[in-house]
Every structure is written in C-alpha cells, then in structure tokens.
1. Condition first: free of Cβ contacts under 8 Å to residues at least 60 places away in the same chain and assigned to a loop (DSSP other than H, G, I, E, B). Can you find one or more residues in the stretch 190-206 that meet it?
2. Of the residues that make up the stretch 52-74, is at least one small (Gly, Ala, Ser) and under 17 Å from the mean Cα position of the chain (by Cα)?
3. Somewhere in the stretch 141-148, is a residue surrounded by fewer than 18 Cβ atoms within 10 Å (Cβ to Cβ), farther than 22 Å from Thr236 by Cα and without any contact (Cβ under 8 Å) to a residue 40 or more places away in the chain?
4. Quick one: in the stretch 152-199, of everything that is more than 16 Å from Ile113 (Cα to Cα) and basic (Lys, Arg), which residue is modelled with the lowest pLDDT?
5. With the structure loaded, tell me whether Ile238 is among the aliphatic types (A, V, I, L, M), touching a strand residue (DSSP E or B) at 6+ places or on another chain (Cβ under 6 Å) and within 19 Å of Met14 (Cβ to Cβ) or whether it fails that test.
6. Which of (1) within 25 Å of Met1 (Cα to Cα); (2) touching a strand residue (DSSP E or B) at 6+ places or on another chain (Cβ under 9 Å); (3) in contact (Cβ under 8 Å) with a residue 40 or more places away in the chain; (4) buried (at least 17 other Cβ atoms within 10 Å of the Cβ) is the odd one out, the single condition Leu24 does not satisfy?
7. In the stretch 66-74, is there at least one residue being within 22 Å of Ile113 (Cβ to Cβ), touching a residue at least 40 places away in the same chain (Cβ under 8 Å) and of a type in the set (Val, Ile, Thr)?
8. Here are Phe230, Phe170, Phe188: which of them is farther than 24 Å from Asp257 by Cα and buried (at least 18 other Cβ atoms within 10 Å of the Cβ)?
Amino acid sequence: MQINKVAVIGAGTMGAQIAMVCALKGYDVLLNDIEESSLAKARESLAGHMNRRIEKGKLTEQEVEAAFGRMSFVTDLNAVKEADFVVEAIVEKLDVKRELFSKLDTLTNDHAILATNSSTIVSSKIADATSRPANVCNVHFFNPPLVMELVEVVKGPHTSDETAKTAFDFIQTLGKTPVLLKKEISGFIANRILGKLTDEAVFLLENGYATHEEIDVVCKKALNHPIGPFALMDLTGIDVNYFVRSQRYQETGDEADKPAALIQEKVEKGELGRKTGKGFYEYSS
C-alpha cells in the first residue's frame, strides 16, 4: 500500500517527534491534539530541536523549513480523513484509546492503517473497537523518537500480514530500524527487559543497598548503558512506569507486578521527573 499522508494523534513529546520524523522524510503529516496549547508547545519544542540540529550542521535551514511546511497542526480530528497511516500517541488509558480508534474508524479511508504507539496496551485490546481489526497494530517508537533508531512493530492475532509488512516497510522509509514481533506480548521486547532491570534497581534503592545516583553510575560505567534506570525514569516520566505496572498488575493479579511503594510515593507527590522539575533528580526550568 502506498503511504502518502500520515496522521499522528497526540502532541506530547512522543507524538510531536514522531510527526517530525515523518515530515523530515518527505511525508505530509497531520499532528492532532484536542488542546491548542499542546500544539503550540509541540511546535515550539520541535523548532528548538531543529534549530540545534541546524547549529550542529546536521540539517539545513531549507530542510527544516520544508519539513515544517509539510506539517499541519490541528485540533479538528476530522482532518485525518485523508491519512493513509495513523499513529496514536495519547494517554495510556485503554478506554480512551478505544474511543479514539472507534472515531478514527469512521473518519479515515477503509485502507488506512491504525497504529498505536503504546508499548503496554496491545492492539488486540483496541482492534475490535473498529470495523477493520486487520488494519490495526502496535508501532512502538522509543523516547525520544528524533534520536532513537529502533521501532517495534507488533502483529496481533487480528493484524493482517499486509498491514504488518506495510508498517514494517514504512518504518524503514523513516530511516529507522524496525523489529517485527510476530506475536504480541505486553511490554514487547525492550521494555520487558528494561523492566526487570528497573525493578532490581528500585529494590536495591528501597532496601538501602545504594543511592539512586550510585546505581545509575554502575549501570553506565559497568554495563555501558548511556543512561541509568533512575535518570531514564525521570526522562520518560515516573508516572509512566507507575501506569505500566498498574496495568500489568490489573491483568495478572500477581503481587510481583504491583508498582513499587517508592514509585507510588513519587507519583502521589507529583514528582514525575523532568516534566515536573523533580523526580529522583532535580531539574532547573
């Protein structure tokens, strides 16, 4: 299937950067959000990222201008009707995603692929909210999408081979490295492995074996990770970790899957990481 126009729903960090990744590779892109202020913030943030790339010689002013020229920032969801590929990047709440996919099903062309960027909510929980489950899949970009090369493409039991192949090929055109999961599982590959490391890091901190700074240093210097688990949680949002674990706990009922008390305490205090100015570390504005 030929993909010409891409729609991204949700103008947070993930959605905005996914949209720019597509625009930089020549696609016409629609970035949608219910809040005009979120779109304005996304545009400002993207301009900052692009200006830094210009300063470093990674992009020219003409390339950046052309990319922004291919982007539309809209609050009206009806604008998605011409999209061939839709990426949902909204809040990690199943009922909200299902409601959105039901709307997208009525608004988009029958051939359009509807993908969720979620790594915790598998598409089989969303697909039956549409009349085209064969066109629904997970396409998981990593944070930040402008930098991270890997994208996990996940084929649910409902996803057609054609949809999976089209999504895989589309990701390649973005200059990314796609990995296809032939069966879906919550957390996919990277986050399931990372989750085990994060759980152990939190255990060591909660039980007083080391500080979060020391644990991060060990992961960077001994394991050669570019960033430690606590700094990474601050970057992605401590609330995201909490919601992921809460979702899994609801599914399994296993106490081992319950969010750690330390993580719950951070969320209750509103100490969510970089976006609030404080998490495990403190950040200036």
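The values are calculated or read from the model by the stated rules, or taken from the named source; none is laboratory data. What you are looking at is a predicted structure, and each value in this text was computed from that prediction instead of being measured. Virtual Cβ from ideal backbone geometry, glycine too; neighbours counted across all protein chains shown.
1. Looking through the stretch 190-206, none of the residues is free of Cβ contacts under 8 Å to residues at least 60 places away in the same chain and assigned to a loop (DSSP other than H, G, I, E, B).
2. Taking the stretch 52-74 first, the residues small (Gly, Ala, Ser) are 57, 66-67, 69, 72.
From the residues that got through so far, the ones that are under 17 Å from the mean Cα position of the chain (by Cα) too are none.
Looking through the stretch 52-74, none of the residues is small (Gly, Ala, Ser) and under 17 Å from the mean Cα position of the chain (by Cα).
3. Among the residues of the stretch 141-148, not one is surrounded by fewer than 18 Cβ atoms within 10 Å (Cβ to Cβ), farther than 22 Å from Thr236 by Cα and without any contact (Cβ under 8 Å) to a residue 40 or more places away in the chain, which makes the answer no.
4. Filtering the stretch 152-199 for residues that are more than 16 Å from Ile113 (Cα to Cα) and basic (Lys, Arg), the one modelled with the lowest pLDDT comes out as Arg192.
5. yes
6. All conditions pass for Leu24, except number (2).
7. Yes - at least one qualifying residue is present in the stretch 66-74.
8. One residue alone meets the criteria, Phe170.
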